[in-house]
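Enquirer: This is the structure I want to talk about, given as structure tokens.
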Amino acid sequence: MPLLSQDPRMIPETMAELVAIAIQIERESVRRYQWLATEMRQRREHETAAAFDKLAVEEQHHMAAVAEWAQALGEGPLVDHEIHWHLPKDLAQNWEDAAGSALLTPYRAFAIAVENEERAFAFYTYLAASTPDAGIAKQAEILAKEELHHAALLRAWRRATWHQNERGARTGSRASSRIETLPALEAAIAQHEAGIAAWGVDFEEDVRTGDDPAPLLRAQGALEQLCTFLETVLVTTPDAATREKVEQTLHSAIARLAILHHRIDRVKGGH
């Protein structure tokens, strides 16, 4: 699955515009993480809120580093507000999916952050490859590398969170840690899929089936349980073929969650 779902079709023509893009991306990250922290506190999910607080602070440090980079280039922290509307929707998609998540954990919070950094890396790489200006291309490559370095830090936090929570995992998660072969994985996935299918949601047809969001919310909960199970297996299984199957299934589950989030919003909004 590509990190960017489509060609951003955005080429900075000046260094000032590249700086504005970088500042906008970092400011949006800070804003989103702070907002998600507030959302999690309202749900009384304080550990997850603390994870997003930590991410917001880290993004503020990253934003300061970008501002220092801009000053070193002789460019001020200019922000063209129109740029926000032209940034790829992929840079905000998993934040939006997280806001509707019923099972958002600290581990998932850091996983979202890692994906954000990887998407930003892909975006800067696109800018570097698309601009005809060698100077802008060089600086875009520097920004891309910084996103990778930042992603590495966040992966370390994600791993640390996993190890901290492993002993306290619920029974289902403990059972999943014993899955070490592909047949065992497939059998477990089939059980989860049966639970999802029980709610009668058709993921192929975008048809509004009524005003009651309950079946969609229950299917969402079942899908997120599948995601939690797969994340557990991914970091515990020693078998390469099993991990590959986990990654494929996880991508599919996340795609279906995005469909459900959209439909739930439509039903709640009366559309």
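Enquirer: Quick one: Cα centre-to-centre distance for the stretch 224-251 and the stretch 30-55, in angstrom?
Expert: Taking the Cα centre of each part, the stretch 224-251 and the stretch 30-55 sit 26 Å apart.
Enquirer: Of the peptides 241-247, 48-54, 14-20, how do they stack up when ordered by the mean number of other Cβ atoms within 10 Å, highest first? Please report the intermediate quantities before stating the final value.
Expert: On the way: 241-247: 16.3, 48-54: 21.4, 14-20: 19.7.
Answer by packing, highest mean first, reads 48-54, 14-20, 241-247.
Enquirer: Now, a different point. Just to check I understand the Karplus step: with θ = phi - 60° and J = 6.51 cos²θ - 1.76 cosθ + 1.60, what whole-Hz values come out for the stretch 225-233, glycine and proline as x?
Expert: After applying 6.51 cos²θ - 1.76 cosθ + 1.60, I find 5, 4, 4, 4, 4, 5, 4, 5, 4 Hz.
Enquirer: What does the net charge come to around residue 184 if you take all other residues with beta carbon closer than 12 Å to its beta carbon, with K and R at +1 and D and E at -1?
Expert: On the way: positive: 178, 245; negative: 180, 186, 239.
Overall, the nearby charge balance is -1.
Enquirer: Another question about this same structure. What is the gain in length, in nm to one decimal, between residue 71 and residue 235 on full extension, counting 0.36 nm per residue of separation less the C-alpha to C-alpha distance?
Expert: Numbers: separation 164, 0.36 × 164 = 59.04 nm, distance 4.10 nm.
Result: 54.9 nm gained on full extension.
Enquirer: In sequence order, what are the phi-derived ³J(HN,Hα) couplings for the stretch 191-197 according to the Karplus relation 6.51 cos²θ - 1.76 cosθ + 1.60 with θ = phi - 60°, rounded to whole Hz, with x for glycine and proline?
Expert: Along the stretch 191-197, the couplings run 5, 5, 5, 5, x, 5, 5 Hz.
Enquirer: Of 189, 112, how do they rank once you tally other Cβ atoms within 10 Å and put the fewest first? If you can, show how the numbers build up before the last one.
Expert: Values: 189 19, 112 23.
So the ranking, lowest neighbour count to highest, is 189, 112.
Enquirer: Same structure again: Which whole-Hz ³J(HN,Hα) couplings does the stretch 131-148 yield from phi under the Karplus relation 6.51 cos²θ - 1.76 cosθ + 1.60, θ = phi - 60°, glycine and proline marked x?
Expert: Calculated HN-Hα couplings, in order: 6, x, 8, 5, x, 5, 4, 4, 5, 5, 5, 4, 4, 4, 5, 5, 5, 5 Hz.
Enquirer: Given the Cα-Cα distance of residue 152 and residue 13 and 0.36 nm per residue of separation, how much length would full extension add, in nm? Walk me through the numbers on the way to the answer.
Expert: Working: separation 139, 0.36 × 139 = 50.04 nm, distance 3.01 nm.
Full extension from residue 152 to residue 13 adds 47.0 nm.
Enquirer: Still on this structure, please answer the following. Ranked from highest to lowest mean number of other Cβ atoms within 10 Å per residue, what is the order of the peptides 115-122, 181-188? List each step's numbers first, then the result.
Expert: Values: 115-122: 21.4, 181-188: 14.9.
Highest-to-lowest ranking by the protection proxy: 115-122, 181-188.
Throughout, read-outs are computed from the coordinates displayed, never taken from laboratory work. Every value quoted in this text rests on a predicted model; they were computed, and no experiment measured them. Heads up, the Cβs are rebuilt from the backbone with ideal geometry, glycines too, and the neighbour counts pull from every protein chain shown.
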